[in-house]
1. Across region 256-275, what is the number of residues that are closer than 18 Å to Gly216 by Cβ, out of contact with any Ser or Thr (no Cβ under 7 Å at 6 or more places or on another chain), assigned to a loop (DSSP other than H, G, I, E, B) and hydrophobic (A, V, I, L, M, F, W, C)?
2. Within region 226-246, is there a residue that is modelled with pLDDT under 95 and in contact with a Gly (Cβ under 7 Å, 6 or more places away or on another chain)?
3. Answer yes or no: is there a residue in region 163-183 that is farther than 20 Å from Leu93 by Cβ and at pLDDT 90 or above.
4. Of the conditions (1) more than 24 Å from Pro222 (Cα to Cα); (2) part of a helix (DSSP H, G or I), Pro246 satisfies every one except a single condition; which number is it?
5. Please determine whether any residue of region 197-208 is at positive phi and not aromatic (Phe, Trp, Tyr).
6. Which ones in region 211-221 are loosely packed, with under 15 Cβ neighbours inside 10 Å and among the polar types (S, T, N, Q)?
7. Looking only at region 267-276, which residues are under 16 Å from Cys229 (Cβ atoms) and not charged (D, E, K, R)?
Amino acid sequence: MNHALVAPETQDNPPWYARDSDGSILYSGVPDRLAGHPELARRGIVLDYALKPGVVFESLAKDEGPGDRGFVVKVLDLEDEELEIYERLLSRLDSPQNHTIPCEIVRNGHPMLIMPMLSRMDLVIRRWCKSFGDLADTFYQLVEGVTFLHKHHIVHMDLCFGNVGAALTSPASYHAALQLGRIYIYDFNTSRQFTHGPNSQPAITLPETQTPPPNGLTHFDPYSWDVYCLGVLLNESMDLYAERKPSPPWLLRWYARWLIGNERGCRAVCRCRPTAQTALRVMSVIRWAVYALERCSTVYQTISSALSRAP
């Protein structure tokens, strides 16, 4: 179906486009059915523009407090698995390993998500990560979150800068479930649920993703694909970090390359890279090593400074 030719009011699934008086699509606009939605009005949420035309909309911060980050509203497509995946993950938010963004499912009319606005992963690297230890902790959280998904046979399928974020300022009262500096994973519209878990799921046809597959492959073990995307994301994160700070330790670079692996185009269960669970165990050791390295460096600098002032 060509969505550009169908008025949003005549269909349930997104995209829900705003229209100009002449019927043309306003790609950055908010459609009337959302602008006047009773559940948004009850919460005092006024949407300002579309982040993803017809699907994701943002309510800008209104300077009500230092942690006011605004809201994001996503219209769910009932032809994919996103609603069911959020239902499962939000019921397990008490688990410290669950890095799903805390959000609310609105069921008055067509299902929607109301989420807090987060800073994207690239901004987390630039603004939050001040040291190698911060970088290692951020990586650990991300791998931990993916491991939790895989433990429950959920594969994200599109891990990238735009689908991972954090709250970098103290959350406002209505975002109280957010934790400052905690990494969150969101956008499960291309995600899948499987009967089989890691090390037993054969390759599937890849959906459209923001990370280009290696060697032009169109089939991938989905769990292994998530780990590959993790490696690419960590590598790109270190490139960003190195633009303004010293280059990250070789151990972190090695780790990203290990996750990316040497892809051989496996049609059965992939053995080209570790599982997320194995990657998490190794990352816990690397995180400790990075902390120890920084601690030793601090002690060395303190002693050197003291000796240089000695008579």
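The values are calculated or read from the model by the stated rules, or taken from the named source; none is laboratory data. Just so it is clear, the structure is predicted and the values come from calculations on it, not from any experiment. Because the Cβ atoms are built from the backbone with ideal geometry, glycine has one as well, and the counts that use them run over all protein chains shown.
1. Summing the residues that are closer than 18 Å to Gly216 by Cβ, out of contact with any Ser or Thr (no Cβ under 7 Å at 6 or more places or on another chain), assigned to a loop (DSSP other than H, G, I, E, B) and hydrophobic (A, V, I, L, M, F, W, C) in region 256-275 gives 1.
2. no
3. No, region 163-183 has no match at all.
4. (2)
5. yes
6. Across region 211-221, the qualifying residues are Asn215, Thr218.
7. Passing the criteria: Cys270, Cys272, Pro274, Thr275, Ala276.
Each row is one residue, and each column tells you yes or no for (1) of a type in the set (Gly, Ala, Ser); (2) surrounded by 14 or more Cβ atoms within 10 Å (Cβ to Cβ); (3) at pLDDT below 95; (4) on the phi < 0 side of the Ramachandran plot.
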position: Ser28; (1), (2), (3), (4): yes, no, no, yes
position: Ala35; (1), (2), (3), (4): yes, yes, yes, yes
position: Leu60; (1), (2), (3), (4): no, yes, yes, yes
position: Asp77; (1), (2), (3), (4): no, yes, no, yes
